[in-house]
Structures are given as structure tokens and as C-alpha cells.
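Heads up: the structure comes next, in C-alpha cells.
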Amino acid sequence: MLSLLGEQIWGKMSLRAQKRPEEQRPTVFRRRYPRPWNLRSEKMERSGEAKPLEAIWQAYKEAVKAEGSNRAQALYQEMVWPHLLALWKTEPRVRPMQKEFRVSIHTLGTSPEATILAILGAGAEKVYVLHTAESERYLEQIRKDTGKEIYPIRIGKSNVARIYEEVHRLLKEIAQGGGTLKAVSQGEETPVALDITSGTKAMSAGLAAAGFFFQRFYKNLRVVYVDNEEYDTELRRPRAGSEALFLLPNPHEVVGEVDAFFARELYSNRDFSGAADYFKRLVGKTNQLKYALYNTLCEMYANWWALDFKNASKQGEGLLNQLGKDSNLNHPLARHMGRLQKQVDLLREADAFVSSKDLGRSKGVLGVVATLLRLSEEEKRPFLKALYAYRALELLLQERLYRLHGRRADEPNLSPGEREKLQAELSSILSEEARVGKRLGLLDLFAFLRVLGDPLLKGESLEEVQGLSGAVQARNASLLIHGLEVPSEKQVDIILKKAKRLRQELERQVRFQPDLEPIDLEF
């Protein structure tokens, strides 16, 4: 009853006020009659009842017209805000769906209402507010209106680096179960909201950038923003009741450009497995099937560099089939079909050799050897560098013995004369009495081919061959073979030099030069 009477009085006197010049309006009016919406707000706060915001908004617009735009903010706080606040305390609007957060982190500027709505919308039990010296005065209002304990963190209004540091610190504490927070359940991350609505542009941008970046490591982290769905052009402000807390999609996840950059960087560093993982995720995130072909390419190279020639050739054949379809003819990889075909042919030959162990498959031997030599050149660890080089040279010598003389290293079938000559050659190289076993190792093969008059090896001086002997002995005494030594770079280079020379001669024989360079990623 009192509210209705107040509205009637306010309506009549408001009309009178509009007809008078500003200077003639009685100043005692606002003191003598309490505004009906103040009475209504107090009653509403006590009972929890909220007046429809549309009617309140219309009354607010009339009041602004009557008292002037310079009173707009004060009138909003008196007439609209208590109703909007009560609504959000009971039914916060969250888009696209309600989500329960345990922690929320907010930037605060000089418009605390947006931060208050964000806190109520997130519903977190622990609330951190990044504020400046200027916005510190609003902390008490936030505590009062939200009814929550606030943990303030003072920062500079343009200190983006500090925002990164604070967010990272808080996320680490949360991940470790620090403070009063406990994990939602074992193995599940604590849901955290980062609210970028209020604060300076630098603060909001810094928090958003931190949030979208850290989402890669904290999957339950979301960037949120209070926006409106209706805007009152007359008042030049959002219409009360149209506000909502929006859970923002991560552009890195939706568009996928950041993942694509990471994939390309890993690819250029020969981490093909890592690049394949990123491309696989990109297919799911963007639904762009072009990334599926890049994923297949990476998996082919990953298997190739792991010496899994069978799966590498399968991946390569599948990639060629896909690129041959009309829907993929404009894919950037389609421009490299010629090179891809050569690489797949090489992988197929290498797989056939490894599967059959047939040294007569010289092109397959070449594919395996070329791969081993590339791995040795790229390897930084001396143990593996030596192993790759040693095995490449050994395979080349085995292939050469088989191709030129029809002999195998595991069954050389030496005649008594050949055994005697080989023993003498080895004794000369080693400068000590040598023994010849049933199978020929790397140095045995090198010496035996010299005994057989190999045109490429017999011209080498004894000193050069003894250098190879020293390198072989260093490899045998290495930590990963039979000893505790570390092969020197010089010793590995001796093996590599001789292997490359034999590889070049094999390429001339089979008239094929392997292409081991990964195809360029063009996007």
C-alpha cells in the first residue's frame, strides 16, 4: 500500500518537476519523500521478492529524463542495481550453460558491478581480485554485495607480466591443493574461472592471454566475461536483466592456428611424433580434414626415423591414395606428389629388404643405409651416433661382398688360402696376431674385400685402414656395447667417411639417389 501511494505521489510530482525550470525545483523534495523504489528495494531485500526488471527499467528511464543524465549512475544504484543483484544471487545467467567453479580470478576496474555479477555467476568459494590502487576502494562494496570473502591482489594497471605471474602462481597452488581448496575428486582438476570483464584493457588482455595459454595445461580453466544481450541506446548502457556471464571459447582451440604453429615447429625439429599429435588434435578441434593428411605425413616420417619401414611405407601409400582423390587435389601436399612417390618407393624397398634379409635387394639396402647415416648425422649423443654409423658401414660391406662375390658375412665359406690371407691382412692392420671367426665382422669384411682385390678398398693405405680399426675398437668398447668408453667425434667421423664413400658407389650401381628431406609444410 505504501509502495503504491509512493508511486502515485512520485508520478505527479515528477510531472510538475518537468514543467518547471531547473532553478525553480524545490530542493526539499528529495529529502521529504522517500523514493518508492527505495522502499521497494528494502522490502525486496528482506523478503527476497524481486520486482520485474522491465518495469523497473522503464521507471529508471523516466527518472533519468526527469533529473538529468548526470544523475544516471546514482539513480541506477538506487533504482535498478538492488533488484538486479537480488536476481543474480538466486538465478545468475550463464551462457551457454551453467558451470560450477571452485575458484575465480577477476580483474577490477572502476565498474565494480560487472565484477560482482561475474563473481555471482561463477559461484566460486574462493575469489581473487586483481585490482589497482584506483580500484581498491570498490573491494568493500564487492564483499558486501556478493557476501563472499575476497582475496585482493594489487597490481599495476598495465603490468601484464605481473598478471601472468600471479595467475601462474595461483594455478600452481590450486594444482598442488594449496590453501583451503581441495581437489574436486582424485585425478580431477579444480574448475577455475578467469573473469576479464572489468579493469583496464591491458589487465583484461593480460588475463585473457594467460587464461587461453594456461588452458593447455589446466583443462578445467575457463575465461569468462559478463556481456549483455540488449543495449538501451537512449541511456547508452546495457538493459538490466539482459546481462549474462559468457564462457568464452579458446580461439587457440577453435581456430587451431596455435596448434598448427606448434606442429610446424616440432616438424622442423624432426619431432614428427609430436607434430603428428598436434595435427591429430587439430582435426578434432577444427573439423578440417586437411590436417589429417599432415598427420599421416608426420606419422610416416616418425615411423621412418624409428626404422619401422613397414608402417612407414603403409602410411606413405595411404597418403598417396588420399592425395590422389579429387577432393584433395588442391591440398598443398599434392604439389609434392613426385617426391612423395620416390620416398614411398624407397620405404617399400627398405621394408622388403628388412623383411626378407635378402642382400640382393640393393635398393632396399641403400634405403636402410641412407636412413642410418642421416640419423647418425643428426644424433647429438656420441653412443647412438657411433651405433648408427657402424651399422650403416657394416651393411654396405655385407651388400658389397654379396653383390660382387656372392658371399654372405654369416657364412663366408672361406677356402684355406682365403683364410690364411685374411688372417695375415688382419694381423697387419691390428699389428698383432689375429684370428678369423666363422662369421665376418665389420673389420673382417673390410679386410676380406681388400684380399679379394676390391677396386674401391684395396687402394687405401695401411694407415687409413688402421684408423678404421681404432674407430671400430672404440665403438666396441663404448658404454652401450661391451665397455665404458665414450666414442670421440673423430672416431665416429672415420666410420662415417668410409660409409658415405661406399654409399655413393652403391647409388651409382642402382642408379637411385634417396631423398630423405621431409616435405615442406605449406600453411
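The values are calculated or read from the model by the stated rules, or taken from the named source; none is laboratory data. Because the structure is predicted, anything quoted here is derived from the model rather than measured. Reconstructed Cβ throughout: ideal geometry from the backbone, glycine too, with neighbour counts over all protein chains shown. Protein only, heavy atoms only, side chains kept; ligands, DNA and RNA dropped before computing areas. Shrake-Rupley method; radii C 1.70, N 1.55, O 1.52, S 1.80 Å.
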Give me, ordered by chain and number, the residues 5 or more places off residue 151 or on other chains with an amide H under 5 Å from its own placed amide H.
127, 128, 129
Which three extents, in whole angstrom, do the alpha-carbon atoms of segment 74-233 cover along their principal axes, largest first?
47, 33, 28
Could you state the accessible area per residue of the chain in Å², with a 1.4 Å probe and every protein chain left in place?
52
Quick one: P(r) of segment 392-496 from all Cα-Cα pairs, 10 Å bins, percents rounded to integers, in order of increasing distance.
14, 47, 33, 6
Which percent of Cα-Cα pairs in segment 105-155 sits in each 5 Å bin, short to long?
5, 24, 40, 25, 6, 0
If ligands, DNA and RNA are left out, what is the accessible area of residue 54 with a 1.4 Å probe, given in Å² to the nearest 10?
100
By the mean-Cβ-within-10 Å protection proxy, highest first, 233-242, 212-221 rank as 212-221, 233-242
Could you go through segment 278-287 in sequence order and give the Karplus-derived ³J(HN,Hα) for each residue, using 6.51 cos²θ - 1.76 cosθ + 1.60 with θ = phi - 60°, rounded to whole Hz, and x for Gly and Pro?
5, 5, 5, 5, 4, 4, x, 6, 9, 6
As I understand it, the dipole of the chain uses +1 on the Cβ of Lys and Arg and -1 on the Cβ of Asp and Glu, about the Cα centre. Which of 484, 473, 256 lies farthest toward its positive end?
256
Provide the packing ranking of 315-322, 416-423, 125-132, i.e. peptides ordered by the mean count of other C-beta atoms within 10 Å per residue, highest first.
125-132, 315-322, 416-423
Normalise the Debye intensity by I(0) for segment 68-149, one equal point scatterer per Cα, no solvent, then take log10 at q = 0.18 Å⁻¹ and round to two decimals.
-0.79
Please list, in order along segment 414-425, the HN-Hα scalar couplings obtained from phi with the Karplus expression 6.51 cos²θ - 1.76 cosθ + 1.60 (θ = phi - 60°), rounded to whole Hz, x for Gly and Pro.
6, 6, x, x, 5, 5, 5, 5, 5, 5, 5, 4
Can you list the lysines whose alpha carbon sits under 18 Å from that of residue 500, skipping same-chain ones fewer than 8 residues off?
363, 385, 458, 490
Residues whose placed amide H lies under 5 Å from that of residue 224, excluding near-sequence neighbours:
194, 195, 196, 248
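Going by a ≥ b ≥ c, the root eigenvalues of the Cα gyration tensor, does segment 254-405 fall in the rounded group (a/c under 1.5), the prolate group (a/b larger than b/c) or the oblate group?
oblate
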Carbon/sulfur fraction of accessible area - segment 205-297, other protein chains in place, 1.4 Å, %:
54
Report ³J(HN,Hα) in whole Hz for each residue of segment 342-355, in order, from the Karplus equation J = 6.51 cos²θ - 1.76 cosθ + 1.60 where θ = phi - 60°; Gly and Pro get x.
5, 5, 5, 4, 5, 5, 5, 5, 4, 5, 4, 5, 5, 5
Could you check how much of the accessible area of segment 319-450 is carbon and sulfur, as a whole percent, using a 1.4 Å probe?
46
Direction-averaged shadow area of the convex hull around the Cα atoms of the chain, nm²?
36.9
I need the peptides 441-451, 67-77 ranked by packing, meaning the mean over residues of other C-beta atoms within 10 angstrom, with the highest value on top.
441-451, 67-77
Just add up the charged neighbours of residue 342: K/R +1, D/E -1, any other residue whose Cβ is under 14 Å from the Cβ of residue 342.
-2
Under 18 Å from residue 342, Cα to Cα: aspartates and glutamates that are on another chain or at least 8 residues apart:
299, 308, 317, 351, 507, 515, 517, 520
